[in-house]
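Report on the structure given below.
The values are calculated or read from the model by the stated rules, or taken from the named source; none is laboratory data. Every value quoted in this text rests on a predicted model; they were computed, and no experiment measured them. FYI the Cβ positions are ideal-geometry reconstructions off the backbone, even for glycines, and counts take in every protein chain you see.
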Amino acid sequence: MQPRILQIQQSVLSKNDELARGLRDRFTAAGVTTINVVSSPGSGKTLLLTKTIERLVARGYRVATLVGDLATDNDARRLAEAGAPVRQIVTGGNCHLEAHMIEEYLGDWDLKDYDFLFIENVGNLVCPSSYDLGEDFRIVILSVTEGEDKPLKYPPMFNSADLAVITKIDIAEAVEFNRDAAHASIQSVRPGMTILEVSAKTGEGVDVWVDTLIKRHEGT
């Protein structure tokens with residue numbers, strides 16, 4: 001039975017990768033920088049994305065967002081308040097987004113109308129690591145309340161990411177978060193990866209994070 005399951009998994013991932021390559025070609029041709037944001041539930045990624053979109057829009061950048069959720073549109077409604085187009089992908093229990101979902105929900109959006117496309121993935125540090133969505137960059141978020149060894153517990157996700165963001169840094173001292181240990185855990189899994197520390201609540205580090213995205217968009 002195990003070989004049959006493996007064959008099915010390989011077939012699903014192969015089809016996903018094929019669709020993802022097509023999406024990547026579309027994104028590149030349109031000049032839109034696509035960012036896949038992954039994390040555990042409760043990491044603060046929706047608030048961080050809201051603040052990020054607000055700052056990008058204020059600087060004149062055109063932004064759109066796709067939001068994955070198991071059952072509700074709560075995150076999409078919150079992100080819409082940032083002043084950019086948002087579409088909700090309700091996965092119906094699926095623990096991750098797949099390339100065919102992205103293709104479907106892009107719908108009639110003209111990608112040339114946007115500089116950034118954010119994909120807020122379902123809160124999960126396991127399944128999303130295996131699914132390419134055609135993104136330019138994958139950002140993994142770790143909150144200070146999750147523990148410094150999270151990267152060691154979920155190495156495929158951190159190893160597949162291009163940038164790590166530590167959120168809720170304003171309460172790091174209160175929860176006795178060990179920055180050095182967290183950084184060491186990330187680096188042991190993904191040596192050399194850039195790590196940013198932010199607080200969406202206080203604004204600490206958010207401008208640096210936004211500047212990093214802009215530099216990547218502009219290729220500088």
- request: Select from the stretch 136-145 the residues that are under 17 Å from residue 122 (Cα atoms) and crowded, with 20+ Cβ neighbours inside 10 Å and list them in ascending order.
  value: 138, 139, 140, 141, 142, 143
field: Matching option when the condition is in contact with a strand residue (DSSP E or B) (Cβ under 6 Å, 6 or more places away or on another chain) and buried (at least 17 other Cβ atoms within 10 Å of the Cβ), among 213, 133
entry: 133
Criterion (among the charged types (D, E, K, R), closer than 21 Å to residue 34 by Cβ and either surrounded by fewer than 19 Cβ atoms within 10 Å (Cβ to Cβ) or in contact with a Phe, Trp or Tyr (Cβ under 9 Å, 6 or more places away or on another chain) (or both)) met by exactly one of 218, 204: 218
- request: Report yes if some residue within the stretch 153-176 is assigned to a loop (DSSP other than H, G, I, E, B), under 22 Å from residue 118 (Cβ atoms), among the hydroxyl-bearing types (Ser, Thr, Tyr) and in contact with a Leu (Cβ under 9 Å, 6 or more places away or on another chain); otherwise report no.
  value: yes
task: Report yes if some residue within the stretch 201-211 is touching a residue at least 60 places away in the same chain (Cβ under 8 Å) and assigned to a loop (DSSP other than H, G, I, E, B); otherwise report no.
output: yes
- prompt: Of all residues in the stretch 60-81, which are modelled with pLDDT under 80 and either within 19 Å of residue 211 (Cα to Cα) or within 15 Å of the chain's Cα centre (by Cα) (or both)?
  reply: 75, 76
query: Is at least one residue of the stretch 62-82 over 25 Å from residue 143 (Cβ atoms) and of a type outside the set (Ser, Thr, Tyr)?
result: yes
field: Filter result for residue 84 (farther than 20 Å from residue 125 by Cα and of a type in the set (Gly, Ala, Ser))
entry: yes
field: Residues being of a type in the set (S, T, N, Q), without any contact (Cβ under 8 Å) to a residue 24 or more places away in the chain and more than 15 Å from residue 155 (Cα to Cα) - total across the stretch 171-200
entry: 0
- request: Give the stretch 66-124 a look and list any residue that's under 16 Å from residue 38 (Cα atoms) and assigned to a loop (DSSP other than H, G, I, E, B), or say none.
  value: 70, 91, 94, 95, 96, 97, 98, 121, 122, 123, 124
task: Among the residues of the stretch 59-81, write down those that are exposed (fewer than 14 other Cβ atoms within 10 Å of the Cβ) and within 23 Å of residue 129 (Cβ to Cβ).
output: 71
task: Out of 84, 30, 20, report the one residue that is small (Gly, Ala, Ser), surrounded by 19 or more Cβ atoms within 10 Å (Cβ to Cβ) and modelled with pLDDT of 95 or more.
output: 20
